[in-house]
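These notes are about the structure you will find just below.
The values are calculated or read from the model by the stated rules, or taken from the named source; none is laboratory data. In this text the structure is predicted, and so the values were computed from the model without any measurement. Please note: Cβ atoms are built from the backbone with ideal geometry, for glycine as well, and neighbour counts cover all protein chains shown. Areas reflect the complete protein model, heavy atoms only, side chains present, ligands, DNA and RNA absent. Shrake-Rupley method; radii C 1.70, N 1.55, O 1.52, S 1.80 Å.
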Amino acid sequence: MSRESTGELLSYAQAAACVARRAERLARTKPAAERVRLAAAAGRVLAETLRASSDQPPFARSTRDGYACRAAEISTHRPLTVAGSTRAGEAPSGPLARGVVWEIMTGAPVPRGADAVVMLEHVESAGTAAKPTIRLLPPRTIKEGENIVARGAQARKGDALLPAGTLIGAAQIALGASCGATHLAVYARPRVAILSTGDELVPIATKPKPGQIRNSSSAMLAAMVSAAGGEPWILPIARDTLKSLDAALARAAAADLLLITGGVSAGKFDLVEPALARLGARFHFTGVRIQPGKPLVFAELRRSGTNPNQNPRRPSGPVQNQNGTKCSFGLPGNPISSAVTFLLFAAPILAALAGRIDLGPRFALARLTEDVKTKTGLTRFLPAACTFAGPVPEVACVSWQGSGDLAAMALANCYLIVPEDSGSLEAGATVTILLP
Ligand code: AMP
Ligand code: MG
């Protein structure tokens, strides 16, 4: 635990370092593993090394339609007899006799003895139907190995292809399929309680009365949690009263990670920090010099002995014991603040709990297309739109009416970072963006 709550604001770098230290400690304990069907593995985290079930490719494979040959022979440009043909799916033939070539299709095994494949488009056909010939059109020559992927070039049988801790997406599923993995071992997803607080909030299906707004943050965070490998568990909205918060926090005790939104500013009804303190929370920090997201709380709660029957609606799955405490975040209530602080601080903790080896957050460089003017003193994460169409990513801020502007956030695809001491950035500058 770094310190008790003092109300002191950390710099972005200090807060990020604090979270990274905590995430690294959490990452030492791996979650329980379970097996899931390959098709259901997207978004899960691999729990064991994926190894090559055979050499990949399993045979020397042609990457082109053309003629398997010896590079030295075909590069003389003399006509060579086409001695036979292999389609994709046929067994390897050969050995290739001296002075002949072998017709071959993309994906077919290259006959033994051939050391290159010359492309169909690069040859001229002649000879007779009984004795067809081809010759490589001058001045082109070909080198050994061209258009052939050698057996085992990608991996040898038993080689590690993916480490445990990899977030599984389409490419990893394709690789698993190529190894014959009908199922994959994945880590149990950490259950992430999402608790939105605020007297003004109503559930999304409810028509807000004057002064009320819909709870947009719970749905947003649930999507972010799922994308990061966690299992979202949305709790009912808590009111800005001690009683409501205490009851909601008691309910959330079964979670592996707790995300609270709202109620962490300095207002009269911002009661989340005292509610956490009443539960014996130890605070890593209670504010960061960032915009949006300044009144951010990062705390540890004791893990109470949890009765699994206490809340039958909670998602199932093994609860991990992480040093007896549970990371808890009080995210500022405005949705853009909640999103930015989740990406910067909660996502790395969630990634560690999920068993991932890449803990994030993810940054990239881009060229700024318009001047940006802000005041110094806070590191800013401004909603921005980055285009990746050209050779260099280009980014500009989207206009926004503050951190409650959901439409601006929905048009943005990243956050432009303005360092604490910069104040302004000029068009043309290379800038850092935070990726979602
Ligand atoms: P707070 O951090 O509680 O002071 O809230 C800051 C602003 O965010 C207020 O305008 C709230 O109405 C708004 N807000 C808080 N929670 C949510 C939520 N779950 N969904 C949408 N807006 C919210
Ligand atoms: Mg509030």
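Listed here are the residues, each with its yes/no results for (1) touching a Pro at 6+ places or on another chain (Cβ under 7 Å); (2) surrounded by fewer than 17 Cβ atoms within 10 Å (Cβ to Cβ); (3) more than 30 Å from GLU34 (Cβ to Cβ); (4) free of Cβ contacts under 8 Å to residues at least 24 places away in the same chain.
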residue: ALA352; (1), (2), (3), (4): no, no, no, no
residue: ILE357; (1), (2), (3), (4): yes, yes, no, no
residue: ARG380; (1), (2), (3), (4): no, no, yes, no
residue: VAL392; (1), (2), (3), (4): no, yes, yes, no
residue: VAL398; (1), (2), (3), (4): yes, no, yes, yes
residue: GLY402; (1), (2), (3), (4): no, yes, yes, no
residue: ALA412; (1), (2), (3), (4): yes, no, yes, no
Within the range 333-350, restricting to residues that are open to solvent by 10 Å² or more (accessible area, probe 1.4 Å) and either more than 16 Å from ligand 1 (Cβ to nearest atom) or not small (Gly, Ala, Ser) (or both), the one that is farthest from LEU406 (Cα to Cα) is ALA347
For the list (1) surrounded by fewer than 17 Cβ atoms within 10 Å (Cβ to Cβ); (2) touching a Phe, Trp or Tyr at 6+ places or on another chain (Cβ under 8 Å), I need the number of the one condition that ALA170 fails.
(2)
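Out of THR133, THR128, which single residue is polar (S, T, N, Q), at negative phi and open to solvent by less than 70 Å² (accessible area, probe 1.4 Å)?
THR133
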Quick count over the range 194-228, residues being away from ligand 1 (no atom under 14 Å from the Cβ) and buried (at least 23 other Cβ atoms within 10 Å of the Cβ), is 2
Of the residues in the range 16-38, how many are touching a Cys at 6+ places or on another chain (Cβ under 8 Å) and either loosely packed, with under 13 Cβ neighbours inside 10 Å or over 22 Å from LYS294 (Cβ atoms) (or both)?
1
Close pairs from the range 320-334: first on the phi > 0 side of the Ramachandran plot and in a strand (DSSP E or B), partner within 16 Å of ligand 1 (Cβ to nearest atom) and modelled with pLDDT under 75, Cβ under 6 Å, at least 6 apart
none
Could you grab the pairs with beta carbons closer than 9 Å, sequence gap of 6+ or different chains, first residue in the range 122-139 and within 14 Å of GLY66 (Cβ to Cβ) and free of Cβ contacts under 8 Å to residues at least 12 places away in the same chain, second one open to solvent by 40 Å² or more (accessible area, probe 1.4 Å) and assigned to a strand (DSSP E or B)?
SER125/PRO132; SER125/ARG135
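May I ask you to list the residues in the range 414-436 that are open to solvent by 40 Å² or more (accessible area, probe 1.4 Å) and either over 22 Å from SER217 (Cβ atoms) or free of Cβ contacts under 8 Å to residues at least 60 places away in the same chain (or both)? Write out each step before concluding.
At the first step, the residues of the range 414-436 found to be open to solvent by 40 Å² or more (accessible area, probe 1.4 Å) are 419-422, 424, 426-428, 430, 432, 436.
Answer for the range 414-436, where residues must be open to solvent by 40 Å² or more (accessible area, probe 1.4 Å) and either over 22 Å from SER217 (Cβ atoms) or free of Cβ contacts under 8 Å to residues at least 60 places away in the same chain (or both): PRO419, GLU420, ASP421, SER422, SER424, GLU426, ALA427, GLY428, THR430, THR432.
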Single residue of the range 229-257 satisfying the filter (within 16 Å of ligand 2 (Cβ to nearest atom) and among the aliphatic types (A, V, I, L, M)) that is surrounded by the fewest Cβ atoms within 10 Å (Cβ to Cβ)
LEU242
Being open to solvent by 10 Å² or more (accessible area, probe 1.4 Å), of a type in the set (Gly, Ala, Ser) and closer than 22 Å to PRO335 by Cβ is the filter here; which residues of the range 265-287 pass it?
SER265, ALA266, GLY267
What is the number of the single condition among (1) within 14 Å of ligand 1 (Cβ to nearest atom); (2) over 19 Å from ALA347 (Cα atoms); (3) free of Cβ contacts under 8 Å to residues at least 60 places away in the same chain; (4) hydrophobic (A, V, I, L, M, F, W, C) that LEU242 does not meet?
(1)
Here the residues within the range 279-293 that are touching a helix residue (DSSP H, G or I) at 6+ places or on another chain (Cβ under 7 Å) and away from ligand 1 (no atom under 16 Å from the Cβ) are LEU279, HIS284, PHE285, ARG289
Look at ILE290 and say whether it is buried (at least 19 other Cβ atoms within 10 Å of the Cβ) and within 28 Å of TYR415 (Cβ to Cβ).
yes
Suppose we keep only residues that are farther than 22 Å from ALA247 by Cβ and assigned to a loop (DSSP other than H, G, I, E, B) within the range 210-220. Which one would you say is farthest from ligand 2 (Cβ to nearest atom)?
PRO210
Flag for ALA181 being within 30 Å of SER403 (Cα to Cα) and surrounded by 16 or more Cβ atoms within 10 Å (Cβ to Cβ):
no
Which listed residue is touching a helix residue (DSSP H, G or I) at 6+ places or on another chain (Cβ under 6 Å) and of a type in the set (A, V, I, L, M, F, W, C), from LEU80, LEU26, LEU9, LEU96
LEU26
Filtered residues of the range 359-378 (kept if open to solvent by 50 Å² or more (accessible area, probe 1.4 Å) and under 25 Å from ARG21 (Cβ atoms)):
ARG362, PHE363
Restricting attention to the range 245-263, and to residues there that are part of a loop (DSSP other than H, G, I, E, B) and under 22 Å from ARG303 (Cβ atoms), which single residue is farthest from ligand 1 (Cβ to nearest atom)?
ASP256
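Any residue in the range 45-62 that is in a strand (DSSP E or B), free of Cβ contacts under 8 Å to residues at least 24 places away in the same chain, open to solvent by 30 Å² or more (accessible area, probe 1.4 Å) and not aliphatic (A, V, I, L, M)?
No, the conditions are met nowhere in the range 45-62.
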So in the range 184-193, with the set limited to residues that are crowded, with 20+ Cβ neighbours inside 10 Å and not hydroxyl-bearing (Ser, Thr, Tyr), which one is nearest to ligand 2 (Cβ to nearest atom)?
ALA193
